[in-house]
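See structure below.
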Amino acid sequence: MIRRRAVRRIAVTLSSAAVLVLALVVLAAQVASAASLPLVGGSGGGRAWAATTARCQEAPLALTAAPGSGVRVTGVQPACVGRPLVVSLYDPAVTSSSAQSLRFTGQAAAAATTTVPGGAFTPAAGLVPRVTVDGWLVPATWTGQQPFLRCTVPDAPGASCAVTLTNLQQWGYPSTTTWLANLAVSTTSATPVTWQVDVNLSDPGLPFVARALTDGTGGLVLVATSGCGDVPRVVTVRGTTAWGSFHTVEAGRTSAIQLRGDLTGTGGLLTCP
C-alpha cells in the first residue's frame, strides 16, 4: 500500500512538473513575440508600449492584368506610397488541396496605377483577389483584362463614379487614321466626388491603337501613362480645378470629356513613335 502511494505521488509530481514546463514555454513564446514589436517610451520616463503601423488604405482597389506577367493596381491612396503591396489571385474552380495561388509583390507607387510583377498567368475574369498594403488586408475587385474606360475616386474611400462613351467618330483615307470619342463622367453620390478616368487605347472596340492622344475638351490634366510598348496602352486623366466644379461630379451633374486619337503625329496627352 505504501509503495502504491509513493508511485502515485511521483506520478502527480511529474504531471505537475510537465504542466509547469508547458506554461514556461508558452510564456517564453509570448515574451519573444512581444519583444519583436518596437517599444515607444512615454514622456518623462513613463511606461513604454508596443507601437503598431497605422492603416494607410481604406478605399477598395481595382485590379486588372498588366502586360507580360503582372497586375495593375488602381486606387492606392497617397499615404500608402512606398509601402509593400502584395496581390494574390485564386481560382475558385480549383478546390484541390494542392491548388496554388498566383502571387505578385511590389511597392505602391505615386502613379495612378501601380504594376506589381509576378509569374506568367492567364488573366481569367473569375479569379478571386486578396490584397494587402503594408500588411493590412484591403478590399479589392478583379476584372481581368483592362476595360476601355474606368472611373475611380482615389481620394474618397467608398465613393464611386462611372464613365460612358456617348459618341465615337472616325475618319481617314484610305483607312481610318483618327477617332474622336465623347465621354460622360457621372456618379450617384449626393455629394461631389473628384473623378479620375483610365482610357485603354488598346481596346478592340477602337479602330486602332492611338500613337497620339489629344485633349479635345481643354480641361484635362494628365495623371499617368503606361509605356508606349505596353499592352494595354493606358492613359489616366482627371479634370482641371481651374474650371470651377468640372473636376467633380455628383448626382444630377456630369462632366463631359472629349478625346482625339491619331495614328500619327503628336498629342498633348500622349505621343508614341
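Out of all the residues in region 109-131, which are in contact (Cβ under 8 Å) with a residue 40 or more places away in the chain and within 26 Å of ARG238 (Cα to Cα)?
Keep residues of region 109-131 that are in contact (Cβ under 8 Å) with a residue 40 or more places away in the chain, which gives 111-121, 123, 129-131.
Of everything in region 109-131, those that are in contact (Cβ under 8 Å) with a residue 40 or more places away in the chain and within 26 Å of ARG238 (Cα to Cα) turn out to be ALA111, ALA112, THR113, THR114, THR115, VAL116, VAL131.
Here are some conditions: (1) assigned to a loop (DSSP other than H, G, I, E, B); (2) farther than 30 Å from GLY216 by Cβ. VAL131 meets all but one. Which one does it not meet?
So the condition that VAL131 fails would be (1).
Identify the residue in region 228-252 that is touching a residue at least 40 places away in the same chain (Cβ under 8 Å) and farther than 14 Å from ASN200 by Cα and, among all such residues, is nearest to the chain's Cα centre (by Cα).
ARG238
In region 149-169, what residues are assigned to a strand (DSSP E or B) and either small (Gly, Ala, Ser) or over 17 Å from ILE257 (Cβ atoms) (or both)? Show your work before the answer.
Step one: filter region 149-169 for residues assigned to a strand (DSSP E or B), giving 149-152, 162-169.
Within region 149-169, ALA162 is the sole residue that qualifies.
I'd like to know if region 181-193 contains one or more residues that are touching a His at 6+ places or on another chain (Cβ under 7 Å) and outside any loop (DSSP other than H, G, I, E, B). Reasoning before the result, please.
Start the filter on region 181-193 by keeping residues that are touching a His at 6+ places or on another chain (Cβ under 7 Å), which leaves none.
Within region 181-193, not a single residue is touching a His at 6+ places or on another chain (Cβ under 7 Å) and outside any loop (DSSP other than H, G, I, E, B).
So how many residues does region 69-87 have that are in a loop (DSSP other than H, G, I, E, B), more than 17 Å from PRO129 (Cβ to Cβ) and either more than 11 Å from the chain's Cα centre (by Cα) or not assigned by TED's automatic domain parsing to the domain that holds LEU127 (or both)? So that I can check it myself, show each step before the final result.
As a first pass, look at region 69-87 and keep what is in a loop (DSSP other than H, G, I, E, B): 69, 75-77, 81-83.
This time we only want the ones that are more than 17 Å from PRO129 (Cβ to Cβ), so: 77, 81-83.
Going one step further and asking which of them are either more than 11 Å from the chain's Cα centre (by Cα) or not assigned by TED's automatic domain parsing to the domain that holds LEU127 (or both), we end up with 81-83.
Selection size over region 69-87: 3.
Checking VAL197 against (1) among the hydrophobic types (A, V, I, L, M, F, W, C); (2) closer than 30 Å to PRO117 by Cα; (3) not in a strand (DSSP E or B), only one condition comes out false. Which one?
Status for VAL197: all satisfied but (3).
Mind listing whichever residues of region 160-188 are free of Cβ contacts under 8 Å to residues at least 40 places away in the same chain and aliphatic (A, V, I, L, M)?
ALA162, LEU165, LEU168
How about region 206-244: which of its residues are in contact with a Phe, Trp or Tyr (Cβ under 8 Å, 6 or more places away or on another chain), under 21 Å from VAL193 (Cβ atoms) and in a loop (DSSP other than H, G, I, E, B)?
Scanning region 206-244 gives GLY219, THR240.
Output the residue which, of all residues in region 124-177 that are closer than 29 Å to HIS247 by Cβ and hydroxyl-bearing (Ser, Thr, Tyr), is modelled with the lowest pLDDT.
THR143
Within region 223-238, does at least one residue satisfy the condition of being modelled with pLDDT of 95 or more, closer than 16 Å to LEU269 by Cβ and not β-branched (Val, Ile, Thr)?
Checking region 223-238: at least one residue is modelled with pLDDT of 95 or more, closer than 16 Å to LEU269 by Cβ and not β-branched (Val, Ile, Thr).
The values are calculated or read from the model by the stated rules, or taken from the named source; none is laboratory data. Everything numeric here is computed off the predicted structure, so don't read it as measured data. Here the Cβ is made from the backbone with ideal geometry for all residues, glycine too, and neighbour counts use every protein chain on show.
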